[in-house]
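Asks: I'd like to ask you about the structure that follows.
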2 protein chains.
Amino acid sequence: MKEVISSAPGKVILFGEHAVVYGQPSLAGAIDLRVFVKVTENKAKKIKMISDNCMETVDFNELKPEGRFRYVKKALDIFFNEIIQVCRGVTISINSELPSASGLGSSAAVTVATMSALSRFFGAELKKEEIARLSHRVELEVQGAASPTDTLTSTFGGILFIEPLKKKYSRLSCSSLPLVIGYTGDPRSTAELVRKVRELRDKYPDIIDGIILQIGEITKKAKKCLEGGELHHLGELMNINHGLLESLGVSTEKLSRLVYISRKAGAKGAKLTGAGGGGCIIAYTPEKEENVIKAIAKEKCKPFRAPITVDGVRIENF
Amino acid sequence: MKEVISSAPGKVILFGEHAVVYGQPSLAGAIDLRVFVKVTENKAKKIKMISDNCMETVDFNELKPEGRFRYVKKALDIFFNEIIQVCRGVTISINSELPSASGLGSSAAVTVATMSALSRFFGAELKKEEIARLSHRVELEVQGAASPTDTLTSTFGGILFIEPLKKKYSRLSCSSLPLVIGYTGDPRSTAELVRKVRELRDKYPDIIDGIILQIGEITKKAKKCLEGGELHHLGELMNINHGLLESLGVSTEKLSRLVYISRKAGAKGAKLTGAGGGGCIIAYTPEKEENVIKAIAKEKCKPFRAPITVDGVRIENF
């Protein structure tokens, strides 16, 4: 039986979260935790979606983007309406290495992998640019608003330098980086944290704008260091960036603790990643992965070995 | 038997530590943890100094500023050489509510209280300006270098706004503030931490200068809030300031933890105070002193109820 497996990586924000909302650049990296999407034919002429212990079967005209499989449904909807009009039954099986709702871009990864697998399965052979564009549309239509960062990073892999004011995204040519992620397990709401920073900025505009500007400077410096191979600066820049995120009020006791214990375990630097208020930290860990992983696990948080990967979306079989 | 007891308060840096080294203003406050110095006559015509379980007896010509009583000896030396030439034996008994070497200004407080007690005991009736000036000289001669902040705050009480570039110190007219101190018990070296910040600034001058500038802005804003009675901003400004100190690399896991648990226990804001790397945190705690004190004690750190006090040095008896 014909089957296609495609996978796409998650992402972390390396530098610049929150400041990017106010026009500063940010750096996002694809991480080697992947979502695998398998497409097979099914005889029922229905669409069947399977993930962990969940299964849902719908008709072709029932692809409303709701429920657990909303991103997959929207991807199918756009693919069948705009790329290839077919009505063959397909089964979509999803297998994710990414914790969901943790800020690691699992929704973008599942979307990109689905789009890529469908493209190969039905012989559409979409180019990566097209996969990224369509996947961004999926996120936009499901969420109402979405930056293209996650879908671009997941599609192309590597590290992306994002300049919101210029509406420009450039891919850095750099190799893999050893990174460990610590997941607090605490839920967070990006919208709420963005609002919190905005309220603080409304109260203390000069001070908060000054801090945001420095986060932007750190991001630009980090880009230069990545391009120039001066990786020894990365850890320090992460530490400085983390302090500034603390000053914006988006860290938590647990995030702060994970950052400190990662540094103590030998990380060159560590910071919260993403919106904060829960979610994850990242630690830059050359030659110290095992130590840092153990230290995070000891805190009853979930560690992941998640190096930055240059591999974006890819077909795993076929 | 004639006896004089004088007391002088310790101090905390409310805002602006480290940034003050680079010309930004800082705010220091006298705290109601005092050093008591009692002067009595002794018949032996010697100088006897007593504190806790320590005692030392020296001749008038043996007042070298060394050992545990080096500040007291230097104060006696300057007083007897420049204010009143007498050779009556005196016993100096010291009783301190301040943990020593914790960054809370215990050496300034013991110096100021000694100078004040000697002045009253021998009828010199030094003015406060004179006590502050002579006490600063004591610190300078014992330490080699010293800012006049500690001795000025301990002498006059209240809150001092320090502008190093203008070499200006002004006293804010504001009432007491509820403050809780958490002492980690960890030793720290101010010189080492100042050096650490300098090294970071040498590596990333633009970024670190930008952060230092924002600490200065916070301090100026805090001054305005204190003068205008807008005390509800103080906690938030402390929190922002703490994050910036984190970004300068002078916080520690324990300081960060104390800051978070104080906020959780109801403090309006909290930050490390002084050089960092150990030492103390301060928490602004209107109506929540007890909660915060309990939370700090639970961490096996030493809490102090230490409101900002308008009372500087004072004679306690006589």
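Read-outs throughout are calculated quantities, based only on the coordinates presented, and are distinct from any laboratory measurement. Source: prediction; values computed, not measured. Note: ideal-geometry Cβ built from the backbone for every residue, glycine included; neighbour counts use all protein chains shown.
Asks: Give, in nm to one decimal, the length gained when the segment between A:VAL21 and A:THR57 is fully stretched (0.36 nm per residue of separation minus the Cα-Cα distance).
Replies: 9.1 nm
Asks: Return the percentage of antiparallel bridges among DSSP beta bridges fully within segment A:37-164, rounded to the nearest 5 %.
Replies: 65 percent
Asks: Also, I was wondering about something else. Using θ = phi - 60° and the Karplus curve 6.51 cos²θ - 1.76 cosθ + 1.60, what whole-Hz ³J(HN,Hα) does each residue of segment B:235-246 get, with Gly and Pro shown as x?
Replies: Here the 3J(HN,Hα) series is x, 4, 5, 4, 4, 5, 4, 4, x, 5, 5, 4 Hz.
Asks: In addition: Counting alpha carbon pairs within less than 8 Å and at least 6 residues apart, what relative contact order, in whole percent, applies to segment B:178-278?
Replies: Computed over segment B:178-278, the figure is 38 percent.
Asks: For the protein assembly as shown, just say rounded, prolate or oblate: build the C-alpha gyration tensor, square-root its eigenvalues into a ≥ b ≥ c, call rounded for a/c under 1.5, and beyond that prolate if a/b exceeds b/c, oblate if not.
Replies: prolate
Asks: I need the calculated FRET efficiency for the pair A:ASN317 and B:ARG195, taking r as the beta carbon distance and R₀ as 60 Å, to the nearest 0.05.
Replies: Plugging the Cβ-Cβ distance into 1/(1 + (r/R0)^6) gives 0.55.
Asks: I'd like the orientation of helix A:205-228 relative to chain A: the angle between its Cα long axis and the longest Cα principal axis, in ° from 0 to 90, rounded to 10.
Replies: 70 degrees
Asks: How high is the relative contact order of chain A, given as a whole-number percent (alpha carbon pairs under 8 Å, six or more residues apart)?
Replies: 26 percent
Asks: To the nearest Å, what is the center-to-center distance of segment B:192-239 and segment B:120-142, using C-alpha atoms only?
Replies: Centre-to-centre (Cα) distance: 32 Å.
Asks: Okay, moving on. Determine the sum of side-chain charges near B:ARG88: Lys and Arg each +1, Asp and Glu each -1, restricted to other residues whose C-beta is under 11 angstrom from that of B:ARG88.
Replies: With Lys, Arg at +1 and Asp, Glu at -1, the net is +3.
Asks: Running a GNM on chain A with Cα contacts under 10 Å, which residue among A:ALA146, A:ALA113, A:ALA132 ends up with the highest mean-square fluctuation?
Replies: Taking springs between Cα atoms under 10 Å, the residue moving most is A:ALA146.
Asks: Taking springs between alpha-carbon atoms closer than 10 angstrom, which of B:SER102, B:SER93, B:SER154 fluctuates most in the Gaussian network model of chain B?
Replies: In the Gaussian network model the winner is B:SER93.
Asks: Please tell me which of these pairs span more than 25 angstrom C-alpha to C-alpha: A:LYS11/A:LYS268; B:LYS167/B:LYS224; A:LYS128/A:LYS302; B:LYS224/B:LYS300?
Replies: Among A:LYS11/A:LYS268; B:LYS167/B:LYS224; A:LYS128/A:LYS302; B:LYS224/B:LYS300, the Cα-Cα distance tops 25 Å for A:LYS128/A:LYS302; B:LYS224/B:LYS300.
Asks: Can you give the relative contact order of segment B:30-132 as a percent, counting alpha carbon pairs under 8 Å and 6+ residues apart?
Replies: Rounded, it is 38 percent for segment B:30-132.
Asks: List the pairs from A:LYS127/A:LYS220; A:LYS2/A:LYS127; A:LYS254/B:LYS298; A:LYS168/A:LYS223 whose alpha-carbon separation is above 19 Å, in the order I gave them.
Replies: Listed pairs above 19 Å: A:LYS127/A:LYS220; A:LYS2/A:LYS127.
Asks: GNM on chain A, C-alpha springs below 10 Å: top fluctuator among A:LYS223, A:LYS203, A:LYS73?
Replies: Result for chain A, Cα springs under 10 Å: A:LYS203 fluctuates most.
Asks: If each residue's Cβ is checked for other Cβ atoms within 10 Å, how do B:VAL194, A:VAL180 rank with the fewest at the top?
Replies: Lowest count first: B:VAL194, A:VAL180.
Asks: Moving on to the next point. So if I average 1/r over every pair of distinct C-alpha atoms in chain A and take the inverse, what Kirkwood radius in Å does that give?
Replies: Roughly 20.0 Å, rounded to one decimal.
Asks: Another question about this same structure. With a ≥ b ≥ c the root eigenvalues of the C-alpha gyration tensor of segment A:179-305, is it rounded (a/c under 1.5), prolate (a/b larger than b/c) or oblate?
Replies: It is oblate, given that a/c is not under 1.5 and a/b is not larger than b/c.
Asks: Distance from the Cα centre of segment B:30-82 to that of segment A:260-318, in angstrom?
Replies: So the separation of the two Cα centres works out to 56 Å.
Asks: Something else now. What does the charge count around B:ILE5 come to, taking other residues whose C-beta lies under 13 Å from its C-beta (Lys +1, Arg +1, Asp -1, Glu -1)?
Replies: +3
Asks: For every other residue with a beta carbon closer than 12 angstrom to the beta carbon of B:LEU237, add +1 if it is Lys or Arg and -1 if Asp or Glu, then tell me the sum.
Replies: +4
Asks: Let me know the shape class of segment B:123-195, please: from the alpha-carbon gyration tensor, a ≥ b ≥ c as square roots of the eigenvalues, rounded when a/c is under 1.5, otherwise prolate if a/b is greater than b/c, or oblate.
Replies: oblate
Asks: For A:CYS225, B:CYS87, which order do you get if you count the other beta carbons within 10 Å of each Cβ and list the fewest first?
Replies: Listing A:CYS225, B:CYS87 from fewest to most nearby Cβ atoms yields B:CYS87, A:CYS225.
Asks: Sticking with this structure for a sec: Within a 10 angstrom radius of the beta carbon, how do B:HIS232, B:HIS242 rank from fewest other beta carbons to most?
Replies: Starting with the residue having the fewest Cβ neighbours, the order is B:HIS232, B:HIS242.
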